[in-house]
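Please read the structure below before turning to the comments.
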Amino acid sequence: MDKILEGLVCSDHSVTVKRAIVKRVVEAAEDDATEEQCLSMFTLTTRLFLLGEDAFQKQTGVQVLDAYARCHRTEFEHFFSKDFVLILLQQGFGHLDRKDPAIIDYIHCCLRLLISCPSVLEIFSVIQVEVLRMVCERPEPTLCARLSTLLSDFFQCIPKDKSGVLFCQQLVRTISYFHCFASQDRDLREYVGQVTKVSTLLQNIWKADPATMLSSLQEVFAIISSTDPSFDPSIALASLVQHIPVQMITVLIKSLTTDQNVKDASMTKALCRMIDWLSWPLAQHVDTWVIALLKGLSAVQKFTILIDVTLLKIELVFSRLRYPIVRQGALSVLSHMLLSFQHSPEAFHLVVPHVVPLVQSLRSDGLPSSKALLLQFTELIHCMMYHYSGFPDIYDTILEAIKDLPKPTEEKIKLVLNQSAWTSQSNSFGSGFLRQSGKSETGKTGLINLGNTCFMNSIIQTLFMATDFRHHVLSLHLNGSNSLMKKLQLLFAFLAHTQRAAYAPRNFLEASRPPWFNAGSQQDCSEYLRFLLDRLHEEEKTIHVLESVKPKLASHVDSTRTDPAGQTPPEMGHESPETGPQEERKTLIETMFGGTLLTRIRCLQCHCISEKEEPFTDLSLAFCPSATSRYSSQPERPSEEPKGLYQGSVNGGSEILDPGSSASQVSSVHSVTVTNEPSLTVPDMVNYFLAPEILDEDNAYFCEKCSSLQRAEKTMQVVSAPEYLILTLLRFSYDAKFHVRRKILENVTIPPLMRLPVYSRSKPSESFCPASSSQHLDCPESSENLAKKLKPKTGQGVREDRSVQPALYVLSSVVVHSGVSSESGHYYSYGRNIDGADGSQHPARHSPLNEALQNGQAECNPSNCSALSIPPQQAGSSGQEAKDWLLFNDSRVTFSSFQLVQNITNRFPKDTAYVLMYRKQDLPEESTDGGTAQSMAKVSSEPPLQKELLDAIIKDNKLYLQVCAHNSCNFTSH
């Protein structure tokens, strides 16, 4: 019979004939046969089973072996002995290696046939030892899957006790070596199936013997936390996570995060690899484990690990959203990462470039799950853009892509943002994650945010873009000085010449921060600007006083420094003959930003007039009561001074809160203004600032001539216009009645050109009272600008003999505050060079606009501030307008345009202009050939750097290039 069978499988008979003959051979197994015949048949079928040349031969061997083993059990038991099994597992069979999966399949088949025989127990013992040895040899996925199938069917073959614990640990480590390099779907599915069989075996062992689970999990963590660069464990380990009871997660994570033996580097590796598991299909609870570990690390304040891992892996997590089989878990992890990483926009901005393509992909694939995911995803994006407001250049395309999708309410956004943050907006962590990048296409240098220092960064960039001021600062000879001006000079030099994409102004921050500003807290940029200019002014005045007590020295003129009138100012600390006595010399701040306001008070009883001139460096412009009433619970009466509204800082600053106030009440601030009134303009606010004010009742004026309190009219006039006009829009107020700070979100139209009425200093015809009767407001909380609060306009006026000569101003910079509250928010700024080193000229000098300017002057009242518009056809005719403006947002510097500046509040309702800087220009009708030459004297190239500054920049540039080269080498080696 065995000869018939052997000849059959080698003959040329058809498959049908062969099957018929095999059927007869199987039926013959029931006939009597000698032991020798049975052993011969077992040997033949084993050879066909293991060494068959095709599937038919193998199938024939299985069928005949099964028939003879059932009919001749005793003979089969003698054939399939423990010694034979040991040979198979240690030596193989014929040309088959012992690691061939067919060996395991054969043993598996024979065990099923021998299960009721007593000798099988001895075979189980042999297999228990051998399978432990096999997994220690790291078998391939195919062999390991076959072995797992065998052990799942015959649990008696699994090692027990200590050997069982070791077996599970080694099986876990074996899985960590499973790598799949296939690219075809069929091969990938086969690989996933093999891994699933192995992980299912472990699950069954853990259920049967729970003591083996903890040791297995310890092995998993040891593997994924390895810092050995030569070992990269397979993400197939993710298949084990779904078999761990969810209720154990909290206990296990707490044990890991509090273990003092676990180093930060190991924990970082482990977390990164767990995040990689999100790519594994079918694995459940991976996102639960990752989020639990993130929360565990936050609980023990391992913020450095969290920052580094988030920045390293958030783009990978985002990319998983494209794959339906893993996207829900990826979205959970992405949401937790972004909502917990709230101290900086860096993590969110890493994924911002990928948002629009993902939205388009989810819209187009047509899957129901994609639509649901899109709604969840856009809610998350709205929350992040709300929290990190102030980046219009990178959010605009996102808003356009999701404009037709539901937007969560402000209350919902705040609820979401408060769920997972590591801390309450602390910036005290440092990140070891470095992302090297070159300068932006603008060629300008950004400023690194040192912890809520956008208030300083926006002001520094605004001053830097004041071209003439920058030139003067860089031209000063301050060698060896440790003054604030010296630090500003060094900072300007770095902004102009460093090769870094962004510079960290740490020294300047420490030197210029007002003493009442809390480190790490957001502050008011206007308050900071006023303090900075005052410090620089007082510092130079002190130098002048010190110089005045020294012997007179010959004047020394610096040919590289010219004042706005084309004259050559002195170096700081030296007197020039043109300046007169020391006490009359102007400081650089006075020269660039100083103007003079004349305050006139006329008694309406005796018509006595009192006047007083006061210097200013900025004008703080209040909103009229009709505007502020839309943001208050009750409107103020127009006939009196509002008693409950005062200028406040962005985050408190020096302002003291009422004990009953609460930052949580900020939600009462309206974020969108609905009004049918015409848009408010900057000239409107300037005119309101300069409008006559009636002093009456509690605010009555004490007239010295009448020797009593009288109704009076108070008028202010600009009698000396600054070269740079700084305007602050008083958007932040404190409502004493409701104990909340409010922000006025009124959109204010910003004109690119503006006329400011400037009065002559000629004497009026009326008689004067002593100047001492005028009030003088010096305290920081009520400076000369803050004293101009909300005033009712009136038709009365003072007869004026003074001539008015309007000054033309062109917009230079705009500082924007983004946020709905004075308690928090973000500052960024727009700026452009006016008469700058790049040779750009303002359109006011373009001949097509001269006529428009002259017509505008003829039409407007010279005693009012007025806007002059640039014809649209001329604004961008040069093709340069698109790159004329720059957006400075901490480290980011990008090109912008004036159209974006004007539309910022319409596009982003929380982003409102706060501080404006205008540059004084010559009126076209006043410009003769000489006048033009004088104006063009302002247009100068960047002054050459002094040696001390140049050496500092060269040294820093060399250091920066060395760091870049080192990081590049490290990246290449990885």
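The values are calculated or read from the model by the stated rules, or taken from the named source; none is laboratory data. All values reported here derive from a predicted model rather than from experimental measurement. Neighbour counts are summed over all protein chains in view; Cβ atoms, including those assigned to glycine, are modelled from backbone coordinates with ideal geometry. Surface areas here come from the heavy atoms of the whole protein model, side chains and all, with no ligands, DNA or RNA. Shrake-Rupley method; radii C 1.70, N 1.55, O 1.52, S 1.80 Å.
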Taking the Cα-to-Cβ direction at residue 177 and at residue 442 and moving 7 Å from each Cα, how far apart do the two end points lie in nm? 5.6 nm
Computed from the beta carbon distance with a Förster radius of 60 Å, FRET efficiency for residue 403 and residue 97 to the nearest 0.05 stands at 0.40
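How long is the gain from residue 300 to residue 350 if the chain were fully straight, where each residue apart is worth 0.36 nm and the alpha carbon distance is subtracted? Please report the intermediate quantities before stating the final value.
On the way: separation 50, 0.36 × 50 = 18.00 nm, distance 2.62 nm.
My answer for the length gained is 15.4 nm.
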Once label points are set 7 Å from the Cα along Cα→Cβ at both residue 209 and residue 31, what is their separation, rounded to one decimal in nm? 4.9 nm
Compute the label zone of residue 142 within segment 192-223: residues whose backbone N is under 20 Å from the point 7 Å along Cα-to-Cβ. 192-199
Just to confirm, what accessible area per residue do you get for segment 241-423 at 1.4 Å probe, in whole Å²? 43 Å²
Please list 53, 35, 942, 411 in order of solvent-accessible area, largest first, computed with a 1.4 Å probe with all protein chains present. 53, 411, 35, 942
I'd like to compare 310-318, 440-448: which one has the highest average count of other Cβ atoms within 10 Å, and what's the full order after that? 310-318, 440-448
I want to check the label-to-label distance for residue 375 and residue 122. Put each point 7 Å from Cα in the C-beta direction and report it in nm to one decimal. 6.8 nm
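Given a Förster radius of 22 Å and the C-beta distance between residue 412 and residue 363 as r, what FRET efficiency does 1/(1 + (r/R0)^6) yield to the nearest 0.05? Provide the component values of the computation, followed by the final result.
On the way: r = 23 Å, r/R0 = 1.04.
Given R0 = 22 Å and the Cβ-Cβ separation, E is 0.45.
Note down the net charge around residue 535, summing +1 for each Lys or Arg and -1 for each Asp or Glu among other residues with Cβ under 14 Å from its Cβ.
Values: positive: 486, 487, 513, 530, 541; negative: 510, 527, 534, 538, 539, 540, 590.
After counting each charged neighbour, the total is -2.
Sorted by accessible area (1.4 Å probe), largest first, how do 387, 497, 607 line up?
Working: 387 50, 497 75, 607 95 Å².
Solvent-accessible surface, decreasing: 607, 497, 387.
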How much FRET efficiency would the formula 1/(1 + (r/R0)^6) give for residue 421 and residue 227, where r is the Cβ-Cβ distance and R0 is 35 Å, rounded to 0.05? 0.75
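Ignoring ligands, DNA and RNA, how do 679, 340 rank by accessible area with a 1.4 Å probe, largest first? Walk me through the intermediate numbers first.
Values: 679 55, 340 5 Å².
Heavy-atom accessible area, descending, gives 679, 340.
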Filtered trypsin sites (Lys or Arg not before Pro), segment 96-196: DSSP coil and at most 11 other beta carbons within 10 Å: 160
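State the Kirkwood hydrodynamic radius of segment 241-423 in Å, one decimal place, computed from all pairs of distinct Cα atoms. Kindly include the intermediate steps, with their values, before the conclusion.
Details: mean 1/r = 0.0584 Å⁻¹.
After inverting the pairwise mean of 1/r, the radius is 17.1 Å.
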Name the long-range amide H neighbours of residue 748: under 5 Å, sequence gap of 5 or more, or other chain; modelled H, no Pro or chain starts. 913
Greater than 31 Å apart at Cα, pairs in 162/197; 160/313; 302/743; 295/955; 444/955: 160/313; 302/743; 295/955
